[in-house]
Amino acid sequence: MKYLYNSKGDWIAFKIGAYLYNSDADWIGWFPWEDEHAVDTEGEYLGSIFDNDRFYKVSNFPYRGYPGYPGYPGYPGYPGYPGFAGYSSKPSGTIDYKPKDLIDKAD
């Protein structure tokens, strides 16, 4: 399990295998290209992992084609609470997520 944070250090998501979940353990996306770029459950670009534990949306991310559908991954179990990660500067050309942004993605 990899915990993901925004630039303020707030925990916003976690990754298990190729699947991405919000902090409420709702499935919100996956990593179809086996790299750091995630799409939502509809196949639209959602965001990218930076510095191994930060998750931001790249403003001008190029379209990579429809990634297909991986199938529903099921419930990952209780992820625990990883705590605060500390501030990190946001890369140029990226948009930060608030925890609520990704919780709303699942609704």
Directionally averaged shadow of the chain, computed from the convex hull of its alpha-carbon atoms, nm²: 6.3 nm²
Order by protection proxy (mean Cβ within 10 Å, highest first), peptides 56-62, 46-52, 4-10, 94-100: 4-10, 46-52, 94-100, 56-62
Stretch gain in nm, segment residue 16-residue 90, where the contour uses 0.36 nm per residue and the Cα spacing is subtracted: 24.3 nm
CD proxy at 222 nm, helix term only [per DSSP H run n ≥ 4: -39500 (n - 2.57); per residue of the chain; nearest 500]: -1500 deg cm²/dmol
Computed FRET value (nearest 0.05) for residue 42 with residue 1, which takes r as the C-beta separation and R₀ as 22 Å: 0.35
Whole-angstrom gap from the range 1-44 to the range 80-107, using each part's C-alpha centre: 10 Å
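A short reminder: the numbers here are calculations on the coordinates, not readings from a lab. Note that the coordinates shown come from a computational prediction; the quantities given were computed from them, not determined experimentally. Positions of Cβ are backbone-derived with ideal geometry, glycine not excepted, and every protein chain shown enters the neighbour counts.
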